[in-house]
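Notes to accompany the following structure.
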């Protein structure tokens, strides 16, 4: 179950690196506009906020990956703590998104389900 938790958390990190790319580099691209359901004018006005938010997503991914590497290398406690911090924050951000705007359920599910499954698998692995 530990491996399942680390693999799922790794996929969650990849998702958040992709979100980082969208928010930080491709924010005004046509495909990104459609993904986030906004106009070019809205995207331009939100560009500084999106850039900052993109880096938050990248940092969550980095913390999670460092935790995965440490756990896989045998430092299970430290690695798990970092995975819980990174992936757990991803889950918390998804909850904030859906609570603040229920119409964003789909986006919250996309950003929060995989890290949630990773956290659950990791909890099971560490308590059995």
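Each value in this text was obtained by applying a stated rule to the coordinates, not by laboratory testing. Please read these numbers as outputs of a predicted model, since none were measured by experiment. For neighbour counting, all protein chains shown are included, and Cβ atoms are generated from backbone atoms with ideal geometry for every residue, glycine included.
A few notes on this one:
- Across region 1-65, Cα-Cα pairs farther apart than 13 Å form 62% of the total.
- If R0 is taken as 22 Å, the Cβ-Cβ distance between residue 76 and residue 109 corresponds to a FRET efficiency of 0.15.
- Relative contact order (%) - criterion: Cα under 8 Å, at least six apart; region: region 2-127: 35
- Across all Cα atoms of the chain, the radius of gyration (one decimal) and Dmax (whole number) stand at 15.5, 52 Å.
- Ranked by how many other beta carbons lie within 10 Å on average, peptides 104-117, 42-55 from highest: 104-117, 42-55
- Spin-label model, residue 1 to residue 30: label points 7 Å out along the Cα-to-beta-carbon direction sit 4.8 nm apart.
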